[in-house]
1. Under the condition of being surrounded by 15 or more Cβ atoms within 10 Å (Cβ to Cβ) and over 13 Å from the mean Cα position of the chain (by Cα), which residue from region 60-77 is nearest to Ala13 (Cα to Cα)?
2. Could you please let me know if Asn36 is part of a helix (DSSP H, G or I), at pLDDT 95 or above and polar (S, T, N, Q)?
3. Since His104 meets every condition but one in (1) at pLDDT below 95; (2) in contact with a Phe, Trp or Tyr (Cβ under 8 Å, 6 or more places away or on another chain); (3) buried (at least 17 other Cβ atoms within 10 Å of the Cβ); (4) closer than 30 Å to Pro2 by Cβ, which condition does it not meet?
4. Just one of (1) out of contact with any strand residue (DSSP E or B) (no Cβ under 8 Å at 6 or more places or on another chain); (2) outside any loop (DSSP other than H, G, I, E, B) trips up Gly49, so point out which.
5. Pairs only if they're at least six apart or on different chains, beta carbon under 8 angstrom, first in region 1-22 and assigned to a loop (DSSP other than H, G, I, E, B), second of a type in the set (Asp, Glu); list them, first residue then second.
6. Can you tell me which condition Lys68 does not meet? The list is (1) charged (D, E, K, R); (2) part of a strand (DSSP E or B); (3) farther than 24 Å from Thr116 by Cβ, and all the others hold.
7. Being closer than 17 Å to Lys68 by Cα and either crowded, with 20+ Cβ neighbours inside 10 Å or not basic (Lys, Arg) (or both) narrows it down to one residue among His9, His53; which is it?
8. Is there a residue being under 27 Å from Met1 (Cα atoms), among the basic types (Lys, Arg) and either surrounded by 14 or more Cβ atoms within 10 Å (Cβ to Cβ) or without any contact (Cβ under 8 Å) to a residue 12 or more places away in the chain (or both) anywhere in region 90-98?
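The values are calculated or read from the model by the stated rules, or taken from the named source; none is laboratory data. Everything numeric here is computed off the predicted structure, so don't read it as measured data. A quick note on method: Cβ atoms are made from the backbone with ideal geometry, for glycine too, and the neighbour counts reach across all protein chains shown.
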Amino acid sequence: MPYIKIWIHLIWATKNRQPYLTKEIRAKVFSHIRENAKEKGIHLDFINGYKEHIHILISMNQEQTIAKIVYLLKGESSHWINKNKLTKHKFSWQEEYLAASVSHSAVDRVREYIKTQEEHHRLKSFTEEFQIFMDKYGFENVGK
């Protein structure tokens with residue numbers, strides 16, 4: 001049996017970065033995404049976000065790919081949000097997403113970062129945050 005522990009920090013936004021994720025809606029959506037991940041065998045360690053985006057820390061196994069995990073979580077959650085009419089307008093996630101590896105020694109720090117999203121975004125917009133991640137992880141010429 002293989003022993004695999006690959007940590008990934010995922011970030012994605014609402015379509016056109018619309019601030020649909022009010023505090024009440026976020027709680028429902030995050031709970032649903034967590035339940036859906038569990039049903040699909042995705043180890044979702046931590047989830048949080050703000051008005052127009054979410055951060056998720058996952059640990060992958062040998063049979064999973066980032067693309068498949070994101071597809072399952074984003075697609076199903078947008079369908080669920082619309083089915084339950086959580087927003088006034090049709091809800092969808094933006095197609096793009098960011099996935100970055102996390103070393104085991106940094107997992108606690110990433111959890112803390114994800115946990116403090118509301119506090120963090122009092123000082124910095126999601127656009128600024130996203131660009132910092134793009135620069136930090138070396139994604140060149142994207143969004144510029």
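1. Looking only at region 60-77, we keep the residues that are surrounded by 15 or more Cβ atoms within 10 Å (Cβ to Cβ), and these are 60, 64, 66, 69-70, 72-74, 76-77.
Subset that is over 13 Å from the mean Cα position of the chain (by Cα): 60, 64, 76.
Values: Met60: 21, Gln64: 22, Glu76: 15 Å.
Among them, the one singled out is Glu76.
2. Working: part of a helix (DSSP H, G or I): yes; at pLDDT 95 or above: yes; polar (S, T, N, Q): yes.
Spelling it out, Asn36 is indeed part of a helix (DSSP H, G or I), at pLDDT 95 or above and polar (S, T, N, Q).
3. (3)
4. All conditions are met except number (1).
5. Gln18/Glu52; Pro19/Glu52; Tyr20/Glu52; Leu21/Glu52
6. (2)
7. Details: His53 fails: closer than 17 Å to Lys68 by Cα.
On inspection, the qualifying residue turns out to be His9.
8. First, pick out the residues of region 90-98 that are under 27 Å from Met1 (Cα atoms): none.
No, that holds for no residue.
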